[in-house]
Each structure stands twice: as structure tokens, then as C-alpha cells.
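Nothing in this text is a laboratory measurement; each read-out follows from the coordinates by a stated rule. Predicted model, so just to flag it, every value in this text is computed and none were measured. Here Cβ is always computed from backbone atoms with ideal geometry, including for glycine, and neighbour counts include all displayed protein chains.
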Amino acid sequence: MKYVVTLNGNDYEVEVNELNEAVVTAVVPSAAPVVVAASVAPVAAPVAAPAVEATPAPAPAPVAVGDGTKVIAPMPGTILSINASVGQSVNEGDVLFILEAMKMENEIVAPCAGTVKQVIATKGASVATDEVLAVIG
């Protein structure tokens, strides 16, 4: 089979035999690029798009406020469940969140004992590494 291969602006005719050996049989001079002048048609005035009903933007995630120990996400993932609520008393090591990352469920535990002052993460939310999920006071 014969092929024409262009390399660095030069066309090479290459023949490949049954043993998959490639042999360059001829160098074909490249044609000079052709510049074609195009006529410019007048541009029509833009047509206004029909109005689309705006959907409400999702509420921004609450920001951690006040003093306390922050419970942070150790990796990016999705919050599958929340096992803590504001005002709940927790002990160190209690499971507060289940975070899915790379198809694995990871338990996010309380780093200290105390009362949950704020739960920032929401079920189904995507979180980034070191994002604050809750505050314990």
C-alpha cells in the first residue's frame, strides 16, 4: 500500500509491504499554500434571545463562626450522611459524618469532646480537602 505523509512541509510517498516494512519511494514537492480572498457579507443585527426564567441560585454554605475546634474534611468527596446536629454532645472519636471518596465510605470523627456548635456541611454536598464541616465547642 502507498501513503503520502507530510512532515515539516514536505510530502513523502511511503510504500508499506506485507512484512510491515516502510520504504520511502519518492519525495513529492509540497504545493504552496493558496490564499483565497473571501467576500465579506454584511452582518445582521443580533436578535435578542427569549427571556428565560431564572432559577434560584443554591444558598451558599454557612461559614464557620466563633471559637471552637473545627472538624475538617481530610480529602475531597461527597457527604453521604450527617450524624451530628447543633447542640448535640459528642465524645472524641464519635462518627460525625460519612464522606464518600473514590467509591469508599470514610468516617469523619470528632477530634475532641464537646458540644456541636455548628454543622456547616449538608447531605449530598461536595467538599474539598481541608473544608470545615462542623465546629465543636
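Of all residues in segment 120-137, count the ones that are assigned to a loop (DSSP other than H, G, I, E, B) and of a type in the set (Ser, Thr, Tyr).
In the first step, residues of segment 120-137 are kept if they are assigned to a loop (DSSP other than H, G, I, E, B); the result is 120-125, 128-131, 137.
Pick out the ones that are also of a type in the set (Ser, Thr, Tyr) and you get 122, 129.
The number of residues fulfilling the criteria is 2.
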Practice item. Residues being over 15 Å from residue 74 (Cβ atoms) and of a type in the set (S, T, N, Q): count how many of those fall in segment 117-137. Key: 2
Exercise for review: Sort out which residues of segment 113-137 are in contact with a Ser or Thr (Cβ under 6 Å, 6 or more places away or on another chain) and over 12 Å from residue 89 (Cα atoms), and write them in order of number.
Suggested key: 126
Review point. Which ones in segment 107-137 are surrounded by 17 or more Cβ atoms within 10 Å (Cβ to Cβ) and either polar (S, T, N, Q) or out of contact with any strand residue (DSSP E or B) (no Cβ under 8 Å at 6 or more places or on another chain) (or both)?
Key: 118
